[in-house]
Structure formats: C-alpha cells, structure tokens
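What follows is one structure encoded as structure tokens, with my remarks underneath.
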Amino acid sequence: MRKAVLALLCFTPFAVCSASLNICVSVVVSIISEYTSSSVTYLATLMLLLLVVVATLAAAGVAGRPSEDTIRYQIQEELPAGTRVGNVVSDAGLRRRFPTNVVSLLEYRFLSEPAIPLVIGLSDGVIRTSGAIDRDSMPRCRQRDDCDVLLDVTVQPVAYFLIIKISIEVSYAIFQQQLFTAAVYE
C-alpha cells in the first residue's frame with residue numbers, strides 16, 4: 001500500500017525535480033519486480049512511461065532556465081564533426097554513484113533530437129558534434145549574444161534510470177585575423 005501511495009505522488013508536482021523523479025522511478029521499478037502478475041506488471045510499465053512523459057513536460061515548462069544540477073558545456077560554432085563536447089559519465093559523477101560493473105552496463109541516449117548536430121556514445125556517454133554548428137541556422141540563437149541549448153540524456157537500463165539535464169552554450173566562432181603586408185613600389 002505504501003508503494004502505491006508513493007507511486008501516485010509521482011504524478012504530482014512532487015516529481016518535477018530530478019531527485020524525486022529518481023525516487024519515483026525506483027518505486028515503480030520495485031512494483032514491477034515485486035509482482036509477477038502480468039496485469040500489475042503492465043500497469044506499472046504504463047506508470048513508468050507516464051512518469052517519463054510527466055517529467056518531460058515538466059522540463060519543457062522550465063526550458064531556457066537550466067537548474068543548479070544541470071551539466072554545463074560550452075562550444076564554439078563551426079567546430080568540425082567529431083569534436084568532443086563532454087562526457088556524461090564523469091561529469092554527472094556516475095562512477096562515484098554506481099559500482100564499476102554497473103557503469104559498464106549503462107546506456108546513454110538523448111531523450112529527444114538535439115537542436116544542434118550532436119551524438120552521444122551509447123556505451124561511453126561521450127557527446128560529440130556530428131556536423132558543423134551554425135548559430136545563424138538556429139532560430140533561438142540568431143543575432144543573440146547568448147545561445148543555450150538544453151538537452152536531456154537518459155541513462156538506462158530501467159533499474160538505473162536517470163534523466164541528466166545538460167545545457168550547451170554555443171558561442172560565436174573566433175576567426176584568426178591575418179594581416180598581410182604588401183610593399184608597392186613605384
């Protein structure tokens with residue numbers, strides 16, 4: 001009964017912060033593993049999916065404002081494809097949080113398609129550029145000094161499910177100015 005009450009709390013504003021979201025996911029996962037009845041497992045799986053949707057909608061309501069537990073990266077536009085942006089595993093402290101054998105099982109994915117060309121390593125959590133980043137092609141960044149792109153990275157399997165918030169500041173490219181001296185003789 002206590003688990004059912006906790007599971008219901010997950011669908012209230014209580015579930016908005018990431019710490020309580022992780023508690024909610026743990027409760028729903030324990031319900032799934034505790035009961036073998038297919039109807040209860042089906043219901044708990046639906047609750048887990050609904051929880052992910054609620055968390056996504058809650059995050060969308062505060063888009064544009066990274067929270068204090070958001071991982072922040074900064075990159076310049078016009079970087080070549082394959083440029084390393086960051087490592088979610090080390091920057092989120094997952095090696096301190098989980099044993100080594102668990103970290104090796106974890107998989108990383110973007111919750112939705114990023115607004116800039118990025119890829120994340122499924123097994124290593126390394127974020128890299130997958131193409132040239134052009135601020136002028138991004139409506140949110142066009143002719144603005146600041147340009148933050150917010151992303152959510154999911155950590156799976158479901159027993160270790162997390163959503164890691166990431167903010168990437170895209171700054172203008174710095175081009176080297178080359179001076180040429182030319183002598184003109186009469």
Problem - In region 99-148, the residues that are hydrophobic (A, V, I, L, M, F, W, C), modelled with pLDDT of 90 or more and within 15 Å of Glu78 (Cβ to Cβ) - result: Leu118
Fill in the blank from the handout: Residue hits (region 79-108; touching a Leu at 6+ places or on another chain (Cβ under 7 Å) and among the charged types (D, E, K, R)) are Glu107
Exercise for the section: For Thr154, state whether it is assigned by TED's automatic domain parsing to the domain that holds Ile75 and more than 10 Å from the chain's Cα centre (by Cα). Expected result: no
Fill in the blank from the handout: Of the candidates Arg109, Arg128, the one satisfying the condition of being exposed (fewer than 14 other Cβ atoms within 10 Å of the Cβ) and assigned to a strand (DSSP E or B) is Arg109
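Test Pro114 against the criterion of being of a type outside the set (A, V, I, L, M), assigned to a loop (DSSP other than H, G, I, E, B), over 15 Å from Ile71 (Cα atoms) and free of Cβ contacts under 8 Å to residues at least 24 places away in the same chain, and give yes or no.
Values: of a type outside the set (A, V, I, L, M): yes; assigned to a loop (DSSP other than H, G, I, E, B): yes; over 15 Å from Ile71 (Cα atoms): yes; free of Cβ contacts under 8 Å to residues at least 24 places away in the same chain: no.
For Pro114, the condition - of a type outside the set (A, V, I, L, M), assigned to a loop (DSSP other than H, G, I, E, B), over 15 Å from Ile71 (Cα atoms) and free of Cβ contacts under 8 Å to residues at least 24 places away in the same chain - is not met.
The values are calculated or read from the model by the stated rules, or taken from the named source; none is laboratory data. Just so we're clear, the structure is a prediction, and the values are computed from it rather than from any experiment. Here Cβ is always computed from backbone atoms with ideal geometry, including for glycine, and neighbour counts include all displayed protein chains.
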